[in-house]
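Structure record follows, encoded as structure tokens.
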Amino acid sequence: MINFSSNVISPNHTRLNSQPQTTNTNQTSAPNNMPASSNVKSLWNNNFTSIYAPKSNNPNDGSTKIKIGYINDFHGQLTKMERTIIPLQDCDIRLSGGDNFLGDERNVSLNKGVAKYMNLANIEASPVGNHELDMNQKTFMDITKGLNTKLVDCNYRQIIDDPKEAERLYNETNKAPINDRFINSYVKEIKGQKYGIIGVSPVDMNDRYTHADYYDDCKVDTMDDSIKDVQKEVDELQKQGINKIILLSHLGYKLDKEMAQKTSGVDVIIGGHSHNLVEGLTEGENLLKSKTGEPVIITNGGKDGEHFGNLSVEFDKNGVITEAQNDIINTNKFGRNLIYAKILEDDMDENEKVGYINSVLPQPKNRLIEENPQANFVADAIKNELGVEIAFLNSANLRSSFEPGTFTRLDAKMISPFHNQMVIANVTEKDLVDAFKFTCKTMVNTRPGLFAVSGLKYTVRKSDGELLSLTKVDNNGKETPIDIKNPSDTKTYRISADSFVMRGGDKVSSLNYVGKEEKVFDFDKDTLVCDYIKHLNKPIDINQTGRVTIV
């Protein structure tokens, strides 16, 4: 366990003027006079069979109400972010579950826009997610220099034992004193009530780095030690008389549940990392009891800015939750704000119109295990623009959606914001088959996700993730079956995918072709999509299906 010294900072006495309200009008009586819905959960019942204590009938019992606006895993989606600024304003506090930023130092303009959003939306605090650390340390320090949002985590730190070595690294490399940006926890005062806020980073951080060497001087605690880290911060806050505590977590939904049940004193966990869309409140799911039997609420708003949330909570005088409502809100219900768009996109020179989208088939609900026509279109762009036989990508890595209407370079950037490099390699038939056998197991293993393809067709069995067939499709539509039982280790196919895939990302090790590439390009899928749409030179219908058959 990392032995961090206690760094709970002084309470912030800034008061927000907004009063708790709800944006959902379908409901009837609840905390803060909210209309009630299935999302309202009173944490007691008449015969007291609930694990939670009954509500006091005394109107002067010292209860407290708060409305928390929350986001998580927005991944640099500026066109989604700008839609949330106004609807989040009526919350008492706005918090993030992490992964606000996305991309390395080549994505500086995008990440500057994200920092502006965090300030404009008054996002009070966020844990350090893995995508916060896509960029090198000096770029991270530069991007976050003017950030008002507190970066809170108690289980991750830079470890450089020798001060002279640290100084040398800071002067001669892209290393920087990133610990200066982090705090373990702090106290926030809202409407005269004090709340403790703690943060925790993903325990699988080392597996999630875009550039592991950028942070090879840093250490994240194990889950067991992270539980101890959080409990230590809770205990320190409680010594100050703080009895309402919020944990900002980028652990993921499964580990958030473990954290809730193995600690005491945490009331709310604003989650992220696993991209779950957790609606309402359900006992045993996102409404759990702590180690000492008190209620703990977990939120998770999905990914890529598709949703954000409002959590309204009532506490009794002892800081125990007695009533709560959790509303998940679709970001697209709000129109783009041209003023905020101008501010956020000011550093980006990517609003060139490249074409027109006539119609679009929607992306599936579960992109990991269903064919995605929009990802197929991106695969077509890769194949056609780079002139290869086969192209593929993990369709879950599309971070936004195509929409009918004018299509710009910024739209393409939001769909593929990572700024990976595109790679061409001659991949053996055996490596290709092994890769598809591995990814098809997503049907039962949840990761890494099915490939979207161009120049291929394949069939997978739903019950066990078995690859049943793989077929090459040439430019004339001629189909040639690939022997998946005895694939050749000498026959090759000229293939293109991004650098994440072609270094064996997501543990697809057979595609680790680092050092064996034919070509590596300093552009990503967004560039190829724009070029492809320009070359088609007509309104586009995105309806490409029939390449992945699930039986």
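The values are calculated or read from the model by the stated rules, or taken from the named source; none is laboratory data. Please read all numbers here as calculations on a predicted model, not as lab measurements. Neighbour counts are summed over all protein chains in view; Cβ atoms, including those assigned to glycine, are modelled from backbone coordinates with ideal geometry.
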- Return only the number of the condition from (1) surrounded by 18 or more Cβ atoms within 10 Å (Cβ to Cβ); (2) in the same structural domain as Asn426 (by TED's automatic domain parsing); (3) under 19 Å from the mean Cα position of the chain (by Cα) that Asn372 does not satisfy. (3)
- Those residues of segment 84-110 which are modelled with pLDDT under 95 and under 18 Å from the mean Cα position of the chain (by Cα), in sequence order: Leu102, Gly103, Asp104, Asn107, Leu110
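With the structure loaded, tell me whether Ile357 is in the same structural domain as Ala412 (by TED's automatic domain parsing), aliphatic (A, V, I, L, M) and farther than 16 Å from Ile85 by Cβ or whether it fails that test.
For Ile357, the condition - in the same structural domain as Ala412 (by TED's automatic domain parsing), aliphatic (A, V, I, L, M) and farther than 16 Å from Ile85 by Cβ - is met.
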- So which residues in segment 193-221 are in contact (Cβ under 8 Å) with a residue 24 or more places away in the chain, farther than 19 Å from Ala176 by Cβ and either touching a strand residue (DSSP E or B) at 6+ places or on another chain (Cβ under 6 Å) or not acidic (Asp, Glu) (or both)? Gln193, Lys194, Tyr195, Gly196, Ile197, Ile198, Gly199, Val200, Pro202, Val203, Arg208
- Do we find that Asp506 is farther than 17 Å from Gly455 by Cβ, of a type in the set (D, E, K, R) and modelled with pLDDT under 95 in this structure? yes
- Message: Could you check segment 423-436 and list, in sequence order, the residues that are in a strand (DSSP E or B) and either closer than 26 Å to His275 by Cα or in contact with an Asp or Glu (Cβ under 7 Å, 6 or more places away or on another chain) (or both)?
- Response: Val423, Ile424, Ala425, Asn426, Thr428
- Message: Conditions first: (1) more than 18 Å from Ser126 (Cα to Cα); (2) among the hydrophobic types (A, V, I, L, M, F, W, C); (3) touching a Phe, Trp or Tyr at 6+ places or on another chain (Cβ under 6 Å). Ile270 passes all but one, so which condition is the exception?
- Response: (1)
- Query: So is Gly465 in contact (Cβ under 8 Å) with a residue 60 or more places away in the chain, assigned to a loop (DSSP other than H, G, I, E, B), within 34 Å of the chain's Cα centre (by Cα) and surrounded by 12 or more Cβ atoms within 10 Å (Cβ to Cβ) or not?
  - Reply: no
- Given the structure, is Asn330 touching a helix residue (DSSP H, G or I) at 6+ places or on another chain (Cβ under 6 Å), free of Cβ contacts under 8 Å to residues at least 60 places away in the same chain and of a type outside the set (A, V, I, L, M)? no
- Filtering segment 437-453 down to residues that are buried (at least 23 other Cβ atoms within 10 Å of the Cβ) and in a helix (DSSP H, G or I) yields Thr439, Cys440
- Message: When you scan segment 533-550, do you find a residue that is among the charged types (D, E, K, R), in a loop (DSSP other than H, G, I, E, B) and touching a strand residue (DSSP E or B) at 6+ places or on another chain (Cβ under 9 Å), even just one?
- Response: yes
- Within segment 468-490, residues assigned to a loop (DSSP other than H, G, I, E, B) and either under 34 Å from the mean Cα position of the chain (by Cα) or surrounded by 14 or more Cβ atoms within 10 Å (Cβ to Cβ) (or both) come out as Ile482, Ile484, Pro487
- Number of the exception - Gly241 against (1) over 19 Å from Gly98 (Cβ atoms); (2) assigned to a helix (DSSP H, G or I): (2)
- Query: Of Gly449, Gly455, which residue is within 20 Å of Leu102 (Cβ to Cβ), touching a helix residue (DSSP H, G or I) at 6+ places or on another chain (Cβ under 6 Å) and assigned by TED's automatic domain parsing to the domain that holds Thr490?
  - Reply: Gly449
- Query: Among (1) over 30 Å from Ala396 (Cα atoms); (2) surrounded by fewer than 22 Cβ atoms within 10 Å (Cβ to Cβ), where does Ser312 come up short?
  - Reply: (2)
- Task: Tell me which residues, restricted to segment 253-277, are within 16 Å of Leu95 (Cα to Cα), free of Cβ contacts under 8 Å to residues at least 60 places away in the same chain and part of a loop (DSSP other than H, G, I, E, B).
- Result: Asp267
- For segment 446-462, does any single residue satisfy the condition of being free of Cβ contacts under 8 Å to residues at least 24 places away in the same chain and of a type in the set (S, T, N, Q)? no
- Query: Can you name the residue in segment 164-202 that is exposed (fewer than 15 other Cβ atoms within 10 Å of the Cβ) and of a type in the set (S, T, N, Q) and, of all such residues, is farthest from Gln137 (Cα to Cα)?
  - Reply: Asn171
